[in-house]
C-alpha cells in the first residue's frame, strides 16, 4: 500500500475545491453547436466509384447520400464544385459532358433541391440544396451519371468533386468535404455504317426513272453513343455537269424514313449550300438505323446533262468537334428531252363534217405542248400537204380556212396571234425563247362556210414538227 504524503493530500484537496468553484461559477453546456456535412455512396465506402464504363454498359448512375447536421438556427446551402477533372494516367481528360449530376426528387425532407434536372459537373459553383429559413438538419440524394461519349480514351480515370456546407447570414465558417471520383473506361469506336442499298459509295439519281436501290442511303448506328447527337449532311458544291452547267439546288430533294429511336428528316427537303440536319438521336444516343432517299423534283426544269458533286455526312455531338463519318459521290443523270405533244391526238387529221353554206363557222382546237431541256432555241413548224377536200374532190378556198394562235402563259413567240389563211406547205407557227424553255399554246382552225362551198365532209392532214435553231 502506497502512502500519500500529508502535504500532497492538502494540495489535491485545494485543487478539487477550486475546480468545483469554477463549475459553480461557469456551468458547462450539455453540448457544443453542431454544423457538419457528410456524403456516403449508396454502395458504401468513401469514393464515388463508377467501376467499368464503356459504350456497351451505357450510362452508369451512382447515388450519394448527403447529410447535413445543424443546430445554429440559420439557413444554409450545399454547393458542389469540380476540384479536379477526371484524367487518366496519360493526362487525358474525360471529354466534357461525360459526368452529370441531379438531385433525386423527394429525397429531402425540409429544404429545396436546386438541381432536379441533370446538369454537367463543371468548374462553376452549383447550388445543389438550400435549407429552410430555420436551417433544420436534413439529408438528400445526389445521383451522379457517367455517360460514355465519343472521344473517350481507355484507362483508369480519377478526379475530385468538392461539397461545401455554407451558412447564410451566420458567423459560422464553411465546411468542405471532398469526393474522389473513379472510373475504369473501356473505350470503343463509334460504329456508324453508311451505304446505298446497292452497297456502293455512289448515290445515283435519274430524272427519267426511279431506282430506290441506288438513290437511297442506309445508316446503321450499331452502338449507343451515350448522349444525344446529330447526323449532318453537307453538299460540297452545287452539282455541275462536264459542260460547266450547274444544277439548281432545288432540283434534288431528300427525305428520311424508318428511324426507330431518333428523329429523321420527315419532309421532302431540297439540297442546300449549308449543313443540313438529317437525323437527331434519342436523348441517350441509342443505337438506331434509318434511310435517306434522294429524288429528282419532277417539276424542276433543268438542262440535260450528267451532274456530279460530293455529299459528306458528319457526326455532331455537344462538346466535341464535328467528325466526318463518310463521303459519297452524288451523280444526277438528267436525260435529253425534246418532245412535241399535240392534243387532241387525231392522227394529224383536221376534219369538218356536214359543212353547209348557210351554217355558222366551224372551229377545231389543237393544243401544242413542248417539253425540252436541251437549252437551245427551237421552232414549231406546220406542214399542210393539201387544202381541205371532200371525197368528191371539192376543196375549200384558202380564204375560208384560217388559223389563230392563243397563249397559255407562253414564253416564246406566236407567229399568228391574229387569224391568217392556212396555206399548203410548211409554215413556222412558233419560236421559243432564247433558253429553249418548255412551252404551251393553242391553235384554233376555223372554217367559214360560203355559198361557193359545196356541202359535205372536208378534211386534210396537218403535221407538226419541232427542230432546233
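Look at where the Cα atoms of the stretch 194-215 and of the stretch 319-375 average out, and the two centres are 27 Å apart. Taking label positions 7 Å along the Cα-Cβ direction at both residue 40 and residue 428, the computed distance is 10.0 nm, reported to one decimal.
Once every DSSP H run of n ≥ 4 in the chain is given -39500 (n - 2.57) and the sum is divided by its residues, what mean residue ellipticity at 222 nm do you get, rounded to the nearest 500 deg cm²/dmol? If you can, show how the numbers build up before the last one.
Values: 2 runs with 24 residues, N = 469.
Helix-only estimate at 222 nm: -1500 deg cm²/dmol.
Taking the Cα centroid of the stretch 116-148 and of the stretch 384-463, what is the distance between the two, rounded to the nearest whole Å? Using only Cα atoms, the two centres lie 88 Å from each other.
Its residue count N sets the reference 2.2 N^0.38 Å, and the alpha-carbon radius of gyration of the stretch 192-334 equals 1.04 times that reference. All distinct Cα pairs of the stretch 338-468 go into the 1/r average, and the inverse of that average, the Kirkwood radius, is 15.4 Å.
Compute the Cα gyration tensor for the stretch 26-178, then decide on rounded, prolate or oblate, letting a ≥ b ≥ c be the square roots of its eigenvalues: rounded whenever a/c is under 1.5, prolate when a/b is larger than b/c in the other cases, and oblate in all that remain. Prolate, since a/c reaches 1.5 and a/b exceeds b/c. Compactness of the chain was expressed as the Cα radius of gyration divided by 2.2 N^0.38 Å, which yields 1.94. For the chain, the longest principal axis of the Cα atoms and the long axis of helix 6-25 meet at an angle of about 40 degrees.
What is the packing order of peptides 180-187, 353-360, 201-208, taking the mean over residues of other C-beta atoms within 10 Å and listing the highest first? Intermediate values should be presented prior to the final figure.
Values: 180-187: 18.2, 353-360: 11.1, 201-208: 16.8.
Peptide ranking by packing, descending: 180-187, 201-208, 353-360.
Readers should treat all values here as calculations from the given coordinates under stated rules, not as data from a laboratory. A quick note: this is a predicted structure, and the numbers were derived from the prediction, not measured. In this analysis, Cβ positions are derived from the backbone assuming ideal geometry, glycine residues included, and neighbour counts consider all displayed protein chains.
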